[in-house]
Structure formats: structure tokens, C-alpha cells
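The values are calculated or read from the model by the stated rules, or taken from the named source; none is laboratory data. Small disclaimer: the values here were computed from a predicted structure and weren't measured. Here Cβ is always computed from backbone atoms with ideal geometry, including for glycine, and neighbour counts include all displayed protein chains. Protein only, heavy atoms only, side chains kept; ligands, DNA and RNA dropped before computing areas. Shrake-Rupley method; radii C 1.70, N 1.55, O 1.52, S 1.80 Å.
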Amino acid sequence: MRRFLIFLVVLALIGAGVWYGEQWNYAAPGPLASGAVVLVKPGEGVSGIAQQLQKAGVVSNADLFRLGLRIRNQQSALKAGEYWFPPHASMASVAGILIAGKSIQHKLTAAEGLTSDMIYKIVVNDPVLVGDAGPEPAEGTLLPETYLFTRGMTRTHMLALMETAQKKFVAEHWATRVPGLPVSTPEQAIILASVVEKETGIAEERRHIASVFENRLRQGIKLESDPTIIYGLTRGYPLGRGIRQSELTRATPYNTYVIAGLPPTPICNPGKDAIAAVLDPENTADLYFVATGKGGHVFSANYADHLRNVARLRQVEKAQH
């Protein structure tokens, strides 16, 4: 009986030693000398994940990692994704990262004022997105923004996100637009916002420029916006030279020096600020603006003041050459 009790005590000590040893080993610093990225595909089993981690040097022994997961009943809690593991991450830390499912976030930036063709090409050429991009979205239907995504997102999904984001933003701001605007539909607001977007890169000016164009629309004055002419010539790509007189007078659907009202489509994808500016412009009587030559624009409510501002710009340009 005494020997049996001694045997049980020894067995208990061995068991305790094994348990404490496993606990220590599971929490001990891992073998990874520098960070590593591991892609866990959807549907991949625990055995495959453990082998991947061992191959990448994240854990020293795949079987011990699997055992640790089994002891803690975490085998089914691991999530697919692309993960970065820090240097010397313990098996406990590795399991925690996989269970949390916090995949690496990649980003794609579509800048304000880009055309749909330009943004489409950014999506097509992104090395992380997958699949075919599908048809090119219509002009002005995408919301310029920086989008975060995980590896495995399709190109069609990314473009759909941009379209959905724009519809949501426009719907929210259209519902709270100021009364009396000369644009009667959200589509017209986007067209005008695209012109405002291309006229200035200064956020503080957008509401003022929006007011100028809206005052012109109310009074039946042509918009006379150079960016609309350029869009008609190059579909939004840089012209690489000044606009010729013949191009100013040529009747095209996008020449707002010739046509009345808005162009037939947006000329780019306007950002949030430009859209908001059109739906809540400054309250001004201005009908004209011209560049100062030093950054920004100067505004005027009558043609005589506008001509004086143009003359000042010419003097600045002459002094700079």
C-alpha cells in the first residue's frame, strides 16, 4: 500500500512537472528572430496551420503548438487571414493573434479629382487585390478615399465599396442640403461638385467657388470652366499645354464656355468636401473668380472687378518670368 501511495505521488509529481513544463513552454519566447507574415487560407486545418507556422519559423514545433491548442480547446477558434507575427512571439501569443483574426490591413488610395478610368486602373494594378475588375464604373460614381482591406478581397468588391460609399455620403448630405439650390437631383450635384473639385485644391475655397457656379446657374450665365474643356479633350488626363482659342470656342458637350448649364456627366470623382460644398455653399453674390498667381483665387461680383483681378494676375505672371 505504501509503495502504491509513493507511486501515485511520483506520478502526480511527474504530471505536475509535465503540466508546468507545457505551460512554461507555451508562454516562452518563440524562435522567430524577426517578424514574419503567414497567410492562413480559408478552410485550412489546424495541422496545416501549425506546419506553416513551423516552416516560417514562428513556432519551433508544430506538434507542440497543436497540443497546446488542444489542451486549451482552441483548435476550432483559429481564423483565416494574413497575419504578421512579431519577433520571439510565444505560442500563446501566436494563438492569440490567430484567434483574434486581426489580419494585416492593406490600403488603396483613390485621390480626389481622379477620373473613374484613373481609379479603375489603380484597382486593376493593385498587387494584393484578386480577380477581374469587371466593367469600368461610370464617371463620378466612386468616392475618393483611402480604403483598408485584407488580402483576398476582389477588385469588383473594391469598386463596389467605392460606389456604395459615394451613394451613402451623397444620400446623407442631399437630405440636409440647403434650400433653393439650382441643382435638382443628386446626379446634378455630383456633376457640379466634380467641376468645383477640379477648379481648386484648397479646401477652404470650395464652398465659395460652389457659390459662384450656383449663382451663375441661377442667372443663366455659362459656367466657363476650363477643366470641363480639358475633360472633353482628354477625358481628364493632363492636357500638357494651355487651352487654345479654337478649343475655347468649339462647340462640344463639355465646353461650358459654349453650352449653357452643366456638362452632361461629371468630369471626375469629387471628394467629400466638394460634394458638401455644392450642397451647402457660401452665401455670396460673386459671379467670377481668377487665380491670384500666388495660390488661391480672388472673387468678384461684377465683370469690371473681375477684369481688374485678371490684370493683376497678368502682372504677377509677368513678374515671375
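Summary table below
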read-out: Near pairs, Cβ below 9 angstrom, 6+ apart or cross-chain, from segment 92-120 (more than 30 Å from Cys268 (Cβ to Cβ) and in contact (Cβ under 8 Å) with a residue 40 or more places away in the chain) to any residue that is part of a helix (DSSP H, G or I) and open to solvent by less than 40 Å² (accessible area, probe 1.4 Å); value: Ala92/Tyr26; Ala92/Gly68; Val94/Leu53; Val94/Phe65; Leu98/Ile49; Leu98/Leu53; Leu98/Ala77
read-out: Test: residue in segment 61-71 that is surrounded by 15 or more Cβ atoms within 10 Å (Cβ to Cβ), of a type outside the set (D, E, K, R), at pLDDT 90 or above and in contact with a strand residue (DSSP E or B) (Cβ under 8 Å, 6 or more places away or on another chain); value: no
read-out: Leading residue by the ranking (farthest from the chain's Cα centre (by Cα)) among those in segment 142-159 that are open to solvent by less than 40 Å² (accessible area, probe 1.4 Å) and not basic (Lys, Arg); value: Met153
read-out: Qualifying residue in segment 294-317 (condition: assigned to a loop (DSSP other than H, G, I, E, B) and among the β-branched types (Val, Ile, Thr)); value: no
read-out: Inter-residue pairs, beta-carbon under 6 Å, first without any contact (Cβ under 8 Å) to a residue 40 or more places away in the chain and in segment 292-305, second small (Gly, Ala, Ser) and surrounded by fewer than 13 Cβ atoms within 10 Å (Cβ to Cβ), 6+ apart; value: Ala301/Ala285
read-out: Subset of segment 204-236 that is under 17 Å from Gly140 (Cα atoms) and either free of Cβ contacts under 8 Å to residues at least 12 places away in the same chain or of a type in the set (S, T, N, Q) (or both) - its residue that is surrounded by the most Cβ atoms within 10 Å (Cβ to Cβ); value: Thr228
read-out: Matching option when the condition is aliphatic (A, V, I, L, M) and surrounded by fewer than 18 Cβ atoms within 10 Å (Cβ to Cβ), among Ala193, Ala189, Ala133, Ala165; value: Ala165
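Table: residues versus (1) of a type in the set (Gly, Ala, Ser); (2) closer than 26 Å to Val128 by Cα; (3) open to solvent by 30 Å² or more (accessible area, probe 1.4 Å); (4) modelled with pLDDT of 90 or more.
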| position | (1), (2), (3), (4) |
| --- | --- |
| Arg2 | no, no, yes, no |
| Gly21 | yes, no, yes, no |
| Ala28 | yes, no, no, no |
| Pro31 | no, no, yes, yes |
| Leu53 | no, yes, no, yes |
| Glu82 | no, yes, no, yes |
| Pro86 | no, yes, yes, yes |
| Ala92 | yes, no, yes, yes |
